[in-house]
Amino acid sequence: MYPIVKREKLADKIWLMDVKAPRVAQYCEPGQFVIVKIDEVGERIPLTICDYDREAGTITIVTQTVGASTERLVALKEGDAFQDFVGPLGCASDLIGEDIEELKKKKIVFIAGGVGTAPVYPQVKWLHDHGVDCDVIMGARSKDLLILEEEMRAVATNLYVTTDDGSYGFHGVGTAQLQALWDQGVRYDHCVAIGPMIMMKFVCKLTKELGIHTIVSMNPIMVDGTGMCGACRLVVGGEVKFACVDGSEFDGHLVDFDQAMKRQLQYKTEEGRAMLKLQEGDTHHGGCGHCG
Amino acid sequence: MDVLNKVPVREQEPAVRAANFEEVCLGYNEEEAMTEAARCLNCKNAQCVKGCPVAIDIPGFVSQVKEGKFEEAYQTISASSALPAVCGRVCPQETQCEGKCIRGIKGDPVSIGKLERFTADWAREHGIKPKAAEQTNGHKVAVIGSGPAGLTCAGDLAKMGYEVTIFEALHEPGGVLVYGIPEFRLPKQAVVAAEVENVKALGVKIETNVVIGKSVTIDELMEKEGFEAVFIGSGAGLPKFMGIPGEQAMGVFSANEYLTRNNLMKAFLEGYDTPIKTGSKVIVVGGGNVAMDAARTAKRLGAEVHIVYRRSEEELPARVEEVHHAKEEGIIFDLLQNPKELLVDENGCVCGARVIKMELGEPDESGRRRPVEVPGSEYEIEADTVIMSLGTSPNPLISSTTKGLETNRWKCIVADEENGATSKEGVYAGGDAVTGAATVILAMGAGKAAAKGIDEYLSAK
C-alpha cells in the first residue's frame, strides 16, 4: 500500500497529494509519470509526476476530476492509501539529458494550461536548481482555477499569468501572451507546452510559424502504461508511437493532434455514465437519453 | 470400455457458456481420471516425456493416478513443473506429450493434459503444497516478471535453496496468465492465484508495481541490492498493427488492450471501474490463440464476432481445441481474407473494413503457403469494433537500460537455449522476451533451463 501523506485542494476540482512511494521517488525525473490504482476495483490512472522528494520517498501528484475514477481518487484522505502506485514511467524530459552549459545558451519558454501547470513545475524547478533561466506562461480559465502560482514564481525567471476571462493577469490564452511577447521583441528558441490537447495544438501552430522548436507532453488513454496494450498509441511524424514508452514528450510539430483528440473521446460516454451513477447513486435511473 | 477411445471430458454446453465467463472445460472426476489413466501403456522409452518442454515424468504420474495415489502423482508432477494446473489447461498437448503418445498411433492418445489438470486441481482442493527447500543457501537471485517463465525459474531456484525475489510491473502477479488468457480458459482466483501461492510457499518473494528499467535497473539490482544473478522473463511487448488506413480510429484495439481490460482489470464484472467497449459486431484480425481468446471474449460480451485470417483453416496457428471451442460458440471464421483498410465514420469511430480475398501460393520461408491477394475481390463488411491480434514486438524497457545486454535484429534478448545465459555475466533470460510471442510451456521450459544455468553459475563462483 502507498499512503497519502498530504492532501491539499489547489482549486475547484484540482487536488494535490503527496504519496509515499520510495521506489518511485528514488530514480524518477521531471517529465515522467506514475500509474495509480485506488483499490481492487479501480482503474489504472496515469498521472504526471509533479514533484518528488528522494529523502522522504514521496511523489507529488495533482489531479483534476474529469470522471468517476478521478472523483474517487480525490475523495481519498490523508492517511488513506493507494493499493497500487507504479513508476516512474515514460522518458524523462529531454531537457534533463542536455548539457547544462548548452541549456544556458537557450531561450526557453514553458506554456502551461490549467492542470498542465503541475507537470511544468518540476521541469522549471529543475532548470532553476541547475542555474538555467526560463520563462513561464501559465494560464487558466479564470483566477480561481490558477494553481501553483507562488511556487512557479519562485523558480521562473519571468512569470506571465493569463486568464481566459481576464479575471487576473493577461486577458487571453497562452498563445496570445506568447504572440504579445514576440511582438514586443522577446525571442525564444525552445518551447515546452503542457496542457489540454487543444491548447497544445494551437501553441504548436503558433510556434511553427515563429520557428520555435516545441515539445509537448501527451496524456492519452492508457491501461498498463508499461508498453503492452497499445491503447496510448498516437501518430508522430507519420509513425505510430506509444506514449507510455516512447513519450510522454514528443516534438509538437510532428504530432497529429486531431487524431489524438478523437482517440481521447473513446470512453467518454462510459465515463459520463459512470460519473452520473456515482453522483446520483441509486436515484439515477437514466431518462437523460444517454443511458442504455 | 474401448481402450482406443479417451474418456470424454465434461464441458459447459456451447450455447450456455457463450454467455458466461465460467470455465468451459469441467475436467475429470476421480473415477474418470483413473479410467483414463488406465489406458497408458507405461512405455519404457516414453516418447511423451520427450515431447514435454519441462520433462515431467508422465508415465510415473499417470500410473499413480491409475492407482488412485493422487497426492503422490502431484508430487511427481511438481518435481518438474511449477504450474501444473495452468499447463493442464493451456499447453498445446496435441503437438507435445499427447502428440508423441504411442497409444495415439491407433486411436486417441492418453489425455495427459486433462490428467495433469485433474491431479493439480485435486491437490489444490485437498490443500497439498509442493515441498519447499529445508534451508536457504543465502544467495539472492532476482527474477523479472511473474509470468510462466519467471514463476518457473523462481520456483526451481527456491527449491534449490536460493532466496528469490520476483519483480512484477503490474499490480497482480501472473503475467500473461492474468492479463492475457481469459477466465473461461484459466480461472484467475481458483487456479492462477493458487499456483502463485504455491510458488510463494516455496519461499519466493513477489514485489508488484516494480518496472525494471524504470523503477530500478538490472545494474542497480546487482550493484546496490545484492542480487548475484538475474533472470529476465519480462514477456513479449508492444502490440503490432497492420499499418493500414483507419487503424487509429476509435473502436480499434490491440488484442492485448482488449484482453487486459477484460481479464486483468475485470471490465466484464459489475462494480469494476475499467470500461470496455463491447461492440455489437466485432472483427478480430489474426488466427492465433490470442485471436481466439479475444473473439470468444467479445462473444461473451454480447457481440457477433468474425475472425478474419489471411490463410486457410489448416494454417491457423491457434490450438485445435481453441478453434473447435470458438466454432461451437458461434464465432464466424472469414478465412483467406485480409483487411486493406478500416472504414471510419464522421465521428472518428470505426464502422467497417474493406477486405480482400486471398488464395494460397508458393510456400514462404516459414514453410506455410504464402497468401496472395485475389485481384478485384475487395468488398466491405460492417463492424463497430476491430481487434488486431497480430503478435507483439519486444518491449525496449530492459534492453535499453541494461549495459552489455545483447539483442538480435528483432530486438529480442539473445540467450543460450541450454542455460539461458545472456551476453551479460550473471544475467539470464527466457520466454517471450527471448523468443518473441510463443507458448506458456515453452516459456516455462526456458525458465527451468535458466534456473539450472543460474545454479551452475552461482555454485561455480
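Between B:Pro339, B:Ala451, B:Met292, the Cα set farthest toward the positive side of the dipole of chain B (charges on each charged residue's Cβ, about the Cα centre) is that of B:Ala451.
Treat every Asp and Glu Cβ in the stretch B:352-420 as -1 and every Lys and Arg Cβ as +1, leave all other atoms uncharged, and give the resulting dipole magnitude about the Cα centre to the nearest 20 debye. Let's see the in-between values first.
Working: 8 positive and 13 negative charges, 45 e Å.
With Lys and Arg at +1 and Asp and Glu at -1, about 220 debye.
From the P(r) of the stretch B:250-339, can you give the percent of Cα pairs sitting at distances over 20 Å? More than 20 Å apart: 31 percent of the Cα pairs in the stretch B:250-339.
Any idea what the relative contact order of the stretch B:241-390 is, in percent, if you count C-alpha pairs under 8 Å spaced at least 6 apart? Don't skip to the end; give the middle numbers.
Values: 319 pairs, mean separation 44.4, N = 150.
The value is 30 percent.
Residue by residue, the stretch B:220-225 carries 3J(HN,Hα) couplings of 5, 4, 7, 7, 9, 10 Hz when phi is fed to the Karplus relation 6.51 cos²θ - 1.76 cosθ + 1.60 (θ = phi - 60°); x denotes Gly or Pro. Taking a straight Cα-Cα cut-off under 18 Å and skipping sequence neighbours fewer than 8 places away in the same chain, the aspartates and glutamates within cross-link reach of B:Lys357 are B:Glu313, B:Glu314, B:Glu315, B:Asp334, B:Glu341, B:Glu373, B:Glu378, B:Glu380, B:Glu382. Computed from the alpha carbon positions, the gyration tensor of the stretch B:10-125 leads to an equivalent ellipsoid with semi-axes of 23, 16, 14 Å, biggest first.
Taking 7 Å steps out from each Cα toward its Cβ at A:Val41 and B:Asn20 produces label points 2.2 nm apart.
Would you be so kind as to identify which of B:His126, B:Val16, B:Leu259 lies farthest towards the positive end of the dipole of chain B, taking Lys and Arg as +1 and Asp and Glu as -1 on Cβ and the Cα centre as origin? It is B:His126. Dividing the convex hull volume of the alpha-carbon atoms in the protein assembly as shown by its residue count gives 185 Å³ per residue. Direction-averaged projected area, Cα convex hull, chain B: 23.5 nm², rounded to one decimal.
Note on B:Asp2 and B:Val320: the model spin-label points, each 7 Å out from Cα along the C-beta direction, lie 1.7 nm apart.
Backbone amide hydrogens, once placed in the peptide plane, bring A:Ile221 within less than 5 Å of nothing, excluding anything fewer than 5 places away on its chain.
Over every Cα atom in the stretch B:316-455, the radius of gyration and the widest Cα-Cα span, Dmax, amount to 20.6, 60 Å.
Counting only GluC sites (Glu not before Pro) that sit in a DSSP loop (anything but H, G, I, E, B) with at most 10 other Cβ atoms within 10 Å, what is the longest stretch of chain B containing none of them? Write down the numbers at each step before the final one.
Details: sites that count: B:Glu134, B:Glu270, B:Glu346, B:Glu365, B:Glu418, B:Glu425.
The reported range is B:135-269.
For the stretch B:10-125, a simple Cβ point-charge model (Lys and Arg +1, Asp and Glu -1, everything else neutral) yields a dipole of about 540 debye relative to the Cα centre.
Arrange A:Ile212, A:Ile194 by Cβ neighbour counts within 10 Å, fewest through most, would you?
A:Ile212, A:Ile194
What percent does the relative contact order of chain A come to when contacts are Cα pairs within less than 8 Å and at least six residues apart? Reported relative contact order: 16 percent. Taking a temperature of 20 °C and a viscosity of 1.002 mPa s, what whole-number D in µm²/s does Stokes-Einstein yield for the stretch B:241-390 with Rh from Kirkwood over alpha carbon pairs? Calculated translational D: 137 µm²/s. Separation of the stretch B:324-394 from the stretch A:128-186 is 51 Å, based on Cα centroids.
Candidates A:Met17, A:Gln64, A:Gly42 compared by Cα position along the dipole of the stretch A:8-145: farthest toward the positive end lies A:Gln64, with charges placed on Cβ.
The phi-based Karplus calculation (6.51 cos²θ - 1.76 cosθ + 1.60; θ = phi - 60°) puts the 3J(HN,Hα) values of the stretch A:158-164 at 10, 10, 10, 9, 10, 10, 4 Hz, whole numbers, x for Gly and Pro. Each residue in B:Arg296, B:Arg319 was given a count of other beta-carbon atoms within 10 angstrom of its own, and listing them fewest first yields B:Arg319, B:Arg296.
The charge dipole of the protein assembly as shown, taken about the Cα centre with unit charges on the Cβ atoms of Lys, Arg (+1) and Asp, Glu (-1), comes to about 560 debye, rounded to the nearest 20.
Hydrodynamic estimate: the Kirkwood radius of the stretch B:186-276 over Cα pairs, inserted into Stokes-Einstein at 10 °C and 1.306 mPa s, corresponds to D of 94 µm²/s. In the protein assembly as shown, helical runs assigned H by DSSP with n ≥ 4 each contribute -39500 (n - 2.57); averaged across all residues and rounded to the nearest 500, the mean residue ellipticity at 222 nm is -8500 deg cm²/dmol.
Ignoring lysines fewer than eight residues from A:Lys105 along the same chain, the ones with Cα atoms less than 23 angstrom from its Cα are A:Lys125, A:Lys208. Most simply put, the protein assembly as shown has about 50% antiparallel DSSP beta bridges, counting only bridges with both residues inside it. In the distance distribution for the stretch B:295-352, Cα-Cα pairs more than 18 Å apart total 44 percent. Let me check against my output: what whole-number percent is the relative contact order of the stretch B:36-153, with C-alpha pairs under 8 Å and at least 6 apart? Reported as a whole number, the value is 28 percent. Dividing the C-alpha radius of gyration of chain A by 2.2 N^0.38 Å, with N its residue count, gives 1.00.
FYI, it's all coordinate maths here, none of it is from the lab. Source: prediction; values computed, not measured. Positions of Cβ are backbone-derived with ideal geometry, glycine not excepted, and every protein chain shown enters the neighbour counts.
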